[in-house]
Amino acid sequence: MDNIMQSRMDRGFLRHQDEYEAKALEVLRSGWYILGKEVESFEEEFASYVGTKYSVGLASGLDALWLAFKVLGIGEGDEVIVQGNTYIASVMGITINNATPVFVEPDEYYQIDVSKIEEKITDKTKAILVVHLYGQAARMDKITALCKKYNLRLVEDCAQSHGALFDGKMTGSFGDIGCFSFYPSKNMGAFGDAGAITTNDPELARLMKIYRNYGSEKRYHNMVVGANSRLDEMQAGLLRVRLKYIEEINNERYQISRKYAEGITNPPVIKPQVADGATSVWHQYVIRVKDRRDEFMEYLKNNNITTIIHYPIPPHLSEAYSYLGIREGALPITESYANEVLSLPIYAGMTDEEQTYVIDCINSFE
């Protein structure tokens with residue numbers, strides 16, 4: 001068996017190669033490459049898909065996060081609650097604005113443990129950043145109720161959850177702002193860096209458009225110190241093609257997840273579960289292996305199966321956030337997950353033969 005990568009981006013492209021190439025050529029021939037009709041059309045189509053009134057295209061998912069807190073007016077002296085086992089970009093979205101992250105442990109579904117949020121709320125708490133990690137929607141009923149009770153802003157990190165639902169409602173439509181990454185390996189990946197926000201608030205959408213374009217609404221009239229964070233025409237056009245097939249992509253990943261769930265029977269391997277009311281778009285299929293994770297990872301590598309750890313160092317233990325003074329042992333569940341999790345191969349175009357080979361290798365591990 002040839003090497004099975006943890007993620008592949010080429011097969012999703014090759015499946016609809018003619019459409020992608022035609023769109024790329026259309027954009028190139030248009031002579032208009034920044035903030036044109038492709039961006040406008042994508043913003044309309046993506047907002048419609050998510051179920052919000054507005055979407056604003058941006059340069060990356062990280063830009064979506066930090067600009068979300070910027071337009072919400074959250075900054076120095078403010079606290080934002082976020083789960084401990086997220087990717088560090090979620091936390092950077094908070095701290096770029098000089099706000100302070102307050103970490104909450106994850107539950108058994110790898111999402112923020114809603115039963116532990118309320119005890120972290122203080123007079124300084126201004127928002128909850130909920131991360132729909134690995135593609136599964138978090139418990140949004142409980143979280144929205146807490147935000148309403150304490151008058152908190154709600155920002156959703158939907159970088160991994162394109163199309164995931166909670167109680168039939170799509171992630172990115174619950175909060176004040178939904179933040180999306182279209183990094184190439186995402187379910188709805190671009191062909192470079194790209195991102196977007198979604199919102200139902202016209203003023204937040206207007207401010208986001210100002211901040212993404214050097215702080216200007218009118219050329220050379222700069223109202224605030226903004227950023228250069230514009231989704232370009234090429235990525236917008238290619239994302240419009242990808243958006244047409246996102247449900248097909250998500251369903252394919254779901255089918256792979258079912259095959260893994262039914263086929264993997266080796267007792268040391270703890271398989272992921274989906275909470276009641278939630279769906280997962282299976283951006284990652286994350287297992288846990290206690291005590292022997294690294295040995296198991298090396299075993300798979302020796303059998304030509306590439307896996308990735310999402311994520312080996314929790315944000316609170318990273319060098320970047322040593323200034324927070326949070327010591328090892330402060331978040332034991334988060335830290336144990338970092339030592340146990342492993343993401344198996346899952347991607348559009350993964351063959352039945354490849355899936356079966358991965359399962360057989362896992363079940364043969366002793």
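The values are calculated or read from the model by the stated rules, or taken from the named source; none is laboratory data. None of these values were measured; they are calculated from a predicted model. Positions of Cβ are backbone-derived with ideal geometry, glycine not excepted, and every protein chain shown enters the neighbour counts.
Name the residue, out of Glu247, Glu262, that is touching a residue at least 60 places away in the same chain (Cβ under 8 Å), of a type in the set (Asp, Glu) and either surrounded by 21 or more Cβ atoms within 10 Å (Cβ to Cβ) or outside any loop (DSSP other than H, G, I, E, B) (or both).
On the way: Glu262 fails: touching a residue at least 60 places away in the same chain (Cβ under 8 Å).
Among Glu247, Glu262, only Glu247 is touching a residue at least 60 places away in the same chain (Cβ under 8 Å), of a type in the set (Asp, Glu) and either surrounded by 21 or more Cβ atoms within 10 Å (Cβ to Cβ) or outside any loop (DSSP other than H, G, I, E, B) (or both).
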> Listed residues Leu239, Leu207, Leu231; which is in the same structural domain as Ala24 (by TED's automatic domain parsing), surrounded by 22 or more Cβ atoms within 10 Å (Cβ to Cβ) and in contact with a Phe, Trp or Tyr (Cβ under 6 Å, 6 or more places away or on another chain)?
Replying inline: Leu239
> Checking Thr52 against (1) touching a residue at least 60 places away in the same chain (Cβ under 8 Å); (2) buried (at least 23 other Cβ atoms within 10 Å of the Cβ); (3) not in a strand (DSSP E or B), which single condition isn't satisfied?
Replying inline: (2)
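Any residue at all in the stretch 245-256 that is under 22 Å from the mean Cα position of the chain (by Cα) and over 27 Å from Thr171 (Cβ atoms)? Steps first, please.
Filtering the stretch 245-256 for residues under 22 Å from the mean Cα position of the chain (by Cα) gives 245-256.
With over 27 Å from Thr171 (Cβ atoms) added as a condition, the list becomes none.
No: zero hits.
Being part of a strand (DSSP E or B) and either outside the structural domain of Tyr347 (by TED's automatic domain parsing) or surrounded by fewer than 21 Cβ atoms within 10 Å (Cβ to Cβ) (or both) is true for just one of Arg288, Arg327. Which residue is that? Full working, then the answer.
Details: Arg327 fails: part of a strand (DSSP E or B).
After applying the criteria, what remains is Arg288.
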> Does the stretch 299-321 include one or more residues that are within 30 Å of Lys37 (Cβ to Cβ), of a type outside the set (Asp, Glu), touching a helix residue (DSSP H, G or I) at 6+ places or on another chain (Cβ under 9 Å) and surrounded by 14 or more Cβ atoms within 10 Å (Cβ to Cβ)?
Replying inline: no
>> Take Asp78 and tell me if it is touching a strand residue (DSSP E or B) at 6+ places or on another chain (Cβ under 7 Å), in the same structural domain as Gly172 (by TED's automatic domain parsing) and surrounded by fewer than 23 Cβ atoms within 10 Å (Cβ to Cβ).
In response: yes
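Give the residue that is farthest from Tyr109 (Cα to Cα), with candidates limited to residues of the stretch 304-325 that are of a type in the set (S, T, N, Q) and in contact with a strand residue (DSSP E or B) (Cβ under 9 Å, 6 or more places away or on another chain). Give the derivation first.
The initial filter retains those residues of the stretch 304-325 that are of a type in the set (S, T, N, Q), namely 304, 306-307, 318, 322.
Still in the list and also in contact with a strand residue (DSSP E or B) (Cβ under 9 Å, 6 or more places away or on another chain): 304, 306-307.
On the way: Asn304: 28, Thr306: 23, Thr307: 20 Å.
By that ranking, first place goes to Asn304.
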>> Conditions first: (1) among the β-branched types (Val, Ile, Thr); (2) assigned to a helix (DSSP H, G or I); (3) under 25 Å from Gly172 (Cβ atoms). Val27 passes all but one, so which condition is the exception?
In response: (3)
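Looking at the stretch 229-236, is at least one residue farther than 26 Å from Ile4 by Cβ, among the acidic types (Asp, Glu), touching a residue at least 40 places away in the same chain (Cβ under 8 Å) and not in a loop (DSSP other than H, G, I, E, B)?
Initial filter on the stretch 229-236 (farther than 26 Å from Ile4 by Cβ): 229-236.
With among the acidic types (Asp, Glu) added as a condition, the list becomes 232-233.
Of the ones still in play, those that are also touching a residue at least 40 places away in the same chain (Cβ under 8 Å) are 232-233.
Subsequent filtering for residues that are not in a loop (DSSP other than H, G, I, E, B) retains 232-233.
Among the residues of the stretch 229-236, at least one is farther than 26 Å from Ile4 by Cβ, among the acidic types (Asp, Glu), touching a residue at least 40 places away in the same chain (Cβ under 8 Å) and not in a loop (DSSP other than H, G, I, E, B), which makes the answer yes.
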>> Restricting to the stretch 103-155, name every residue that is more than 24 Å from Ala330 (Cα to Cα), under 18 Å from the mean Cα position of the chain (by Cα) and of a type outside the set (S, T, N, Q).
In response: Gly135, Ala137, Met140, Leu154, Val155
> Is it the case that the stretch 287-302 has a residue that's hydrophobic (A, V, I, L, M, F, W, C), at pLDDT 95 or above, over 20 Å from the mean Cα position of the chain (by Cα) and within 21 Å of Gly349 (Cβ to Cβ)?
Replying inline: yes
> Only one of Thr334, Thr356 is more than 22 Å from Tyr109 (Cα to Cα), of a type outside the set (Lys, Arg) and not in a strand (DSSP E or B); which?
Replying inline: Thr356
> Where residues in the stretch 14-36 are without any contact (Cβ under 8 Å) to a residue 24 or more places away in the chain and of a type outside the set (A, V, I, L, M), which of them is surrounded by the most Cβ atoms within 10 Å (Cβ to Cβ)?
Replying inline: Glu21
